[in-house]
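Report on the structure given below.
The values are calculated or read from the model by the stated rules, or taken from the named source; none is laboratory data. The structure presented is a predicted model; accordingly, all values stated were derived computationally and were not measured. Here the Cβ positions follow ideal geometry from the backbone for every residue, glycine too, while neighbour counts run over all protein chains shown.
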Amino acid sequence: MSFRVNSDELLAIKAQLRRDCIAARTAIPGAGQALRDVLLRESPPRPGALIGGFWPMGAEIDTRPALEALHARGHRIALPFTPPRGRPLEFRPWAPGTAMAPGPMGTQHPAEGEAVFPDWLLVPLLAFDRTGARLGYGGGYYDRTLALLRGATAIGVAYAAQEIPQVPTGPHDFPLNAIATEKGLIRP
């Protein structure tokens, strides 16, 4: 099935799909620990990689066990600060115990810190498919960020149940290198 539609139709299709995905997503107990194990076993970052993670919100899969494990392995970790709409994310250093501050749309980020540029990212999503396409929340923050960090490895993280047959994509959507779920790693 191909999505050959104009940009207004694509926006409408994505908006409805976002509503459906948010309504269907439910937290799974223990999924964060399973995600950590999958990442460390099947797609560990190279030694010295600066990891761009994110603090989970709502019913998103819990990335904190993975972030803590990567930090314990000696990786530097950074979490995004959400800038004004239309700009890429800014990442700030994070370690367990770092003071967090509330951000827009229910996000949390390190309260302070100089901007850093990760080369291996955990990317949140609402839906994904086997080609590496992802449906985000609609602000375009990660697509702008991935355009800026072209050499970075981008690993989508989600529950396995968030997989759909095909994510509608447009010219500004960046594919993922892989998707990690509580059940395993999917490489496009």
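If you check L67, L39 for being in contact with a strand residue (DSSP E or B) (Cβ under 6 Å, 6 or more places away or on another chain) and either free of Cβ contacts under 8 Å to residues at least 60 places away in the same chain or under 22 Å from A147 (Cβ atoms) (or both), only one passes: L67. When every residue of the stretch 108-116 is checked against the conditions, at least one turns out to be in a loop (DSSP other than H, G, I, E, B), out of contact with any helix residue (DSSP H, G or I) (no Cβ under 9 Å at 6 or more places or on another chain) and surrounded by 17 or more Cβ atoms within 10 Å (Cβ to Cβ). Take the conditions in contact with an Asp or Glu (Cβ under 9 Å, 6 or more places away or on another chain) and assigned to a helix (DSSP H, G or I) and apply them to D143. Does it pass? When the stated conditions are applied, D143 passes them.
Residues that are buried (at least 19 other Cβ atoms within 10 Å of the Cβ) and either assigned to a helix (DSSP H, G or I) or among the aliphatic types (A, V, I, L, M) (or both) within the stretch 161-177 comprise Q162, V167, L176, listed in sequence order.
Being of a type outside the set (G, A, S), more than 26 Å from D8 (Cβ to Cβ), in contact with a Lys or Arg (Cβ under 8 Å, 6 or more places away or on another chain) and touching a residue at least 40 places away in the same chain (Cβ under 8 Å), is that true of even one residue in the stretch 131-138? No, there is no match, as no residue in the stretch 131-138 is of a type outside the set (G, A, S), more than 26 Å from D8 (Cβ to Cβ), in contact with a Lys or Arg (Cβ under 8 Å, 6 or more places away or on another chain) and touching a residue at least 40 places away in the same chain (Cβ under 8 Å). Filtered by the rule that a residue be of a type in the set (D, E, K, R), at pLDDT 95 or above and either surrounded by 18 or more Cβ atoms within 10 Å (Cβ to Cβ) or farther than 18 Å from P45 by Cα (or both), the stretch 55-78 gives a lone residue, D62. One residue stands out in the stretch 150-159 among those that are buried (at least 19 other Cβ atoms within 10 Å of the Cβ) and free of Cβ contacts under 8 Å to residues at least 40 places away in the same chain: the one that is nearest to A15 (Cα to Cα), namely G156. Tell me which residues, restricted to the stretch 95-114, are at positive phi and either of a type in the set (A, V, I, L, M) or touching a Gly at 6+ places or on another chain (Cβ under 7 Å) (or both). Of everything in the stretch 95-114, those that are at positive phi and either of a type in the set (A, V, I, L, M) or touching a Gly at 6+ places or on another chain (Cβ under 7 Å) (or both) turn out to be M105, G106. Listed by position, the strands (runs of 3 or more DSSP E) enclosed by the stretch 11-94 that each have at least 3 residues that are not aliphatic (A, V, I, L, M) are 76-81, 90-94.
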